[in-house]
Amino acid sequence: CTLIYAEPNVVTQLKSEETDGYEAVQLGFDEAKEKNTSRAEMGHFRKAKTTPKRKVVEFDFSTSEMDLGLGDTVGVDLFEEGDFVDVVGISKGKGFQGVVKRHGFAGVGGRTHGQHNRERAPGSLGPGSTPSRVFKGMKMAGRMGGDRVKVQNLKVVKIIPEKNLIVVSGSVPGHKGAYVILEK
């Protein structure tokens, strides 16, 4: 199981069909210093009667579903034990990796018959003189990790409202202390 600290989020903006062309709720999370916040953002947070927030995310549920107003808080009471949630986060960065680790290649042949340094090599990259290039999307060595990842259908095992904790079964993307988005 994974413990997720879900501090109450503040409603910083309500998007409506008339003004924005779609319905959404913008939530702010985690206190930010005023000196690190732009003047435009400060005005945005003042309108919601809240302090500056570090992370601001839009959700596409309408206000009629929950009866929310500007400056209201949304906490762990949104979820119930037994619910299934999707968790979105940025996966751990692994830096520059070869094809064996990045794509699961087996290498070129074995160690015998004259092979001495081909065990973790990618092998052929395609035909020679006719295309005279490497096709786009070829699985090659490169930077791995650091991508936006969604882990779906994690069960909410327990909710501890007094400590703002949600316990989900399974692992969530990202390093310890990373921001994640829970989608119902």
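Being within 23 Å of residue 1 (Cα to Cα) and either over 13 Å from the mean Cα position of the chain (by Cα) or assigned to a strand (DSSP E or B) (or both): is that true of residue 125 here? Answer is no for this residue. Filtering the stretch 147-169 to residues that are in a loop (DSSP other than H, G, I, E, B) and either touching a Cys at 6+ places or on another chain (Cβ under 6 Å) or surrounded by 13 or more Cβ atoms within 10 Å (Cβ to Cβ) (or both) leaves 164, 169.
If the condition is being surrounded by 11 or more Cβ atoms within 10 Å (Cβ to Cβ) and of a type in the set (A, V, I, L, M), then the stretch 107-137 contributes 108, 121, 125. One residue alone among 102, 118, 133, 143 is more than 15 Å from residue 4 (Cβ to Cβ), in contact with a Phe, Trp or Tyr (Cβ under 6 Å, 6 or more places away or on another chain) and of a type outside the set (Val, Ile, Thr), and that residue is 143. Screening the stretch 1-73 for strands (runs of 3 or more DSSP E) wholly inside it with 2 or more residues that are in contact with a strand residue (DSSP E or B) (Cβ under 8 Å, 6 or more places away or on another chain), open to solvent by 90 Å² or more (accessible area, probe 1.4 Å) and under 22 Å from residue 184 (Cβ atoms) returns the ranges 2-5. Residues that are assigned to a loop (DSSP other than H, G, I, E, B) and exposed (fewer than 14 other Cβ atoms within 10 Å of the Cβ) within the stretch 76-91 comprise 80, 81, 82, listed in sequence order. So, residue 99, is that one open to solvent by less than 50 Å² (accessible area, probe 1.4 Å) and touching a strand residue (DSSP E or B) at 6+ places or on another chain (Cβ under 7 Å) or not? No: the conditions fail for residue 99.
The values are calculated or read from the model by the stated rules, or taken from the named source; none is laboratory data. Keep in mind the model is a prediction, meaning the values are calculated, not measured. Virtual Cβ from ideal backbone geometry, glycine too; neighbours counted across all protein chains shown. Note: areas computed on protein heavy atoms with side chains; ligands, DNA, RNA excluded. Shrake-Rupley method; radii C 1.70, N 1.55, O 1.52, S 1.80 Å.
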